[in-house]
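Asks: Sharing a structure with you now.
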Amino acid sequence: MKKKRKDQTNPITFGATIYRHHRRLHRHLFQLVSVFSACLLLFLVAFSLLAPSPVIHHHHSNINGDVERESYSDQKTAFHVPTSGVSLGRDIWSSVGSELYYGCSNGGRNFMTSDMKTNPSRHLVIATSGGLNQQRTGITDAVVAAYILNATLVVPKLDQKSFWHDSSNFAEIFDVDRFISFLSKDVHIIKELPLKGGKVLTPHSMRVPRKCTPKCYLNRVLPVLNKRHVVQLSKFDYRLSNKLSKHLQKLRCRVNYHALKFTDSILEMGEKLVERMRKKSNHFIALHLRYEPDMLAFSGCDFGGGDKEKEELGLIRKRWKSLHVSNPDKVRRNGRCPLTPGEVGLMLRALGFGSDVHLYVASGEVYGGEETLAPLKELFPNFHTKETIASKNELAPFTSFSSRMAALDFIVCDESDVFVTNNNGNMARILAGRRYQQYLGFGRYFGHKPTIRPNAKKLYKLFMNRYNMTWEDFAAKVRTHQIGFMGEPKEIKPGKGEFHENPEACICDASDKNPNEISPQNQSHSHKMDNNNNNDNSYIKENKDSDDVTDEQISEDEQFGFDYMDNETALGGKRQPNATDFETTAMSKSEQPELEELFSD
């Protein structure tokens, strides 16, 4: 026993024993760690398979450059915008069935000529308002008003004091001699009021209610015209009913589509711009962007620019003292907010237009500048404006005149293969109507080409939720929402829409084509003789299908057509100093929609 105890106390034997225990413990510990590591690895693999994917963030800048974060929670729904347009199984540059219709605007058998019905003692002076296209609607309706009143029309005055501050007169924008000669059989037109006793006749100034019907003109204007002989209708825009007899609508078409021709200098420069776009590509899109600060301010919409945007646009809104307080969310839900440039680009890509497409943008100062345009330019790098495809010297005769610059954009948009409008204003409506009709030889009814209007009421939700769906789903929904907004023939139901965008009275079915309808320039009206050539009710006899509307409601499309108004009305200006109480009463209820007619040019 003693010997054994002695061995245990031997330092060498004790050290060896400790070493053997340490090795055994280390081996067991290693095995435990290996097992634990394997279990942990299996757990992590299982967790990665079962757990949801991590949230992925997308960053984009709003119109003021502030970074916003939008996320989606499923990698499978990645919103990847393709660079190429998707094939839709049809030609995206043409309209279906356009060959089935043609333009027709000749007067009917009972449409009396000017030499048979004009009363030489009546002269009508028209003072238009607004920008180029708003004034164009006034000029068109001025001819019809003179016809209704059996009056001689003085070449209309253009608004030189409105927001646009353009000093151009009629002859500096339109070919005045063509205007007079082309309409000579319809209405007697002179350049200036005649002299009486060596002095120019002084017109009596008054206004008519908005959407005034032919009976309205006979009841309100004719008595004053018979008494004063010369009457000036001021602020003449949308002063004629949208619903008229077919014969009067055709007269509107003869004025708008044939008699109103830009001056040679404007036409030549406009055609140069078109030719340069054609050299870049066989087809091109023209976009009327309408994303200027004033447009956005008046719309009352929220464009995601935060406090800075509210402050900047709020200052502009103060220009209109009578402007109602808007509800941005409600306005957007009703589809009355213009799309952002980026949203327009996404819509076009979804409709099949790839990044190789050349895009001409008609626009003034864009709110937010290049930062705002960046998303659109990224989608469509072939981005052009009149300033990028023409030199400063070439544009010099036009740059100081907003209406002449607008006329250049009008020509390019009119000639484009696809026209896209970002609001349903005057320019959009007029171009839609012009592009609705087929080209007919020298008469030139301007071939049917697609006009795309964003269905903003449906698209806004789609843009808000786009990061929660795939691109394919988004594009399919855009195409569905745009059905009925692509400018196809007979897209708008008969009787619906504003006349200038849906001139149904001037669109005929090719199967019923009448050779006498083809060229209005060679028109020779056949007329029903009347014993009283100056019968003031002759329009009723001629137009038994007249649709007189006493209190015409403004459609949703019309309400979205914002038109610029002049500073006098915008700032709560006073009525005409020589307007009678009768005339003021006539205006009281009808002037309310005037603010809704802003910003259309």
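Asks: For the subset of region 193-208 comprising residues that are hydrophobic (A, V, I, L, M, F, W, C) and in a loop (DSSP other than H, G, I, E, B), which member is nearest to LEU240 (Cα to Cα)?
Replies: Once the filter is applied, the top-ranked residue is VAL208.
Asks: Look at region 194-215 and say how many of its residues are in contact (Cβ under 8 Å) with a residue 12 or more places away in the chain, aliphatic (A, V, I, L, M) and surrounded by fewer than 19 Cβ atoms within 10 Å (Cβ to Cβ).
Replies: Residues flagged as in contact (Cβ under 8 Å) with a residue 12 or more places away in the chain, aliphatic (A, V, I, L, M) and surrounded by fewer than 19 Cβ atoms within 10 Å (Cβ to Cβ) within region 194-215 amount to 1.
Asks: Condition check: part of a loop (DSSP other than H, G, I, E, B) and open to solvent by less than 20 Å² (accessible area, probe 1.4 Å). Does ARG254 satisfy that?
Replies: no
Asks: Going residue by residue through region 396-407, is there one that turns out to be touching a Phe, Trp or Tyr at 6+ places or on another chain (Cβ under 7 Å), assigned to a helix (DSSP H, G or I) and of a type in the set (Lys, Arg)?
Replies: yes
Asks: Additional query: I'd like to check which helices (runs of 4 or more DSSP H) are fully inside region 318-385 and have at least 1 residues that are in the same structural domain as PHE474 (by the TED database).
Replies: Answer list for region 318-385: 341-350, 369-379.
Asks: I'd like to verify a number: residues in region 222-243 that are open to solvent by less than 20 Å² (accessible area, probe 1.4 Å) and over 15 Å from THR137 (Cα atoms), how many?
Replies: Qualifying residue count, region 222-243: 4.
Asks: Name the one entry in LYS243, LYS227, LYS211, LYS235 that is in a helix (DSSP H, G or I) and in the same structural domain as GLY131 (by the TED database).
Replies: Answer to the selection: LYS227.
Asks: So which pairs qualify, if the first residue must be in region 237-256 and among the small types (Gly, Ala, Ser), the second must be open to solvent by less than 10 Å² (accessible area, probe 1.4 Å), the Cβ gap must be under 7 Å, and the two must be at least 6 apart or on different chains?
Replies: SER241/CYS212; SER245/ASN543
Asks: Based on what the data block shows, is LEU376 closer than 28 Å to VAL81 by Cβ, out of contact with any strand residue (DSSP E or B) (no Cβ under 6 Å at 6 or more places or on another chain) and touching a residue at least 40 places away in the same chain (Cβ under 8 Å)?
Replies: In short, no.
Asks: Mind checking which pairs have a first residue in region 383-401 that is touching a residue at least 40 places away in the same chain (Cβ under 8 Å) and a second that is open to solvent by 50 Å² or more (accessible area, probe 1.4 Å) and part of a helix (DSSP H, G or I), Cβ under 6 Å, 6 or more apart or different chains?
Replies: Pairs that qualify, where the first residue is touching a residue at least 40 places away in the same chain (Cβ under 8 Å) and the partner is open to solvent by 50 Å² or more (accessible area, probe 1.4 Å) and part of a helix (DSSP H, G or I), are ILE389/ARG276.
Asks: Say whether the condition of being out of contact with any Gly (no Cβ under 6 Å at 6 or more places or on another chain) and free of Cβ contacts under 8 Å to residues at least 24 places away in the same chain is met by at least one residue in region 130-143.
Replies: Looking for residues that are out of contact with any Gly (no Cβ under 6 Å at 6 or more places or on another chain) and free of Cβ contacts under 8 Å to residues at least 24 places away in the same chain, one finds none in region 130-143, hence no.
Asks: Next question. Consider LYS227 carefully, then state whether it is in contact with an Asp or Glu (Cβ under 9 Å, 6 or more places away or on another chain) and of a type in the set (D, E, K, R).
Replies: No; evaluated as a whole, the condition is false for this residue.
Asks: Hey, among ILE180, ILE190, ILE148, which residue is farther than 27 Å from ASN242 by Cβ, at pLDDT 95 or above and among the aliphatic types (A, V, I, L, M)?
Replies: Unique residue meeting the criteria: ILE190.
Asks: From the list LYS161, LYS157, LYS191, which one is open to solvent by 40 Å² or more (accessible area, probe 1.4 Å), within 17 Å of GLN232 (Cβ to Cβ) and touching a Phe, Trp or Tyr at 6+ places or on another chain (Cβ under 8 Å)?
Replies: It is LYS157.
The values are calculated or read from the model by the stated rules, or taken from the named source; none is laboratory data. For clarity, every value in this text was computed on a predicted model and none was experimentally measured. Cβ coordinates were reconstructed from backbone atoms using ideal geometry, including for glycine residues, and neighbour counts include every protein chain displayed. The accessibility values were calculated without ligands, DNA or RNA, using every heavy atom of the protein model including side chains. Shrake-Rupley method; radii C 1.70, N 1.55, O 1.52, S 1.80 Å.
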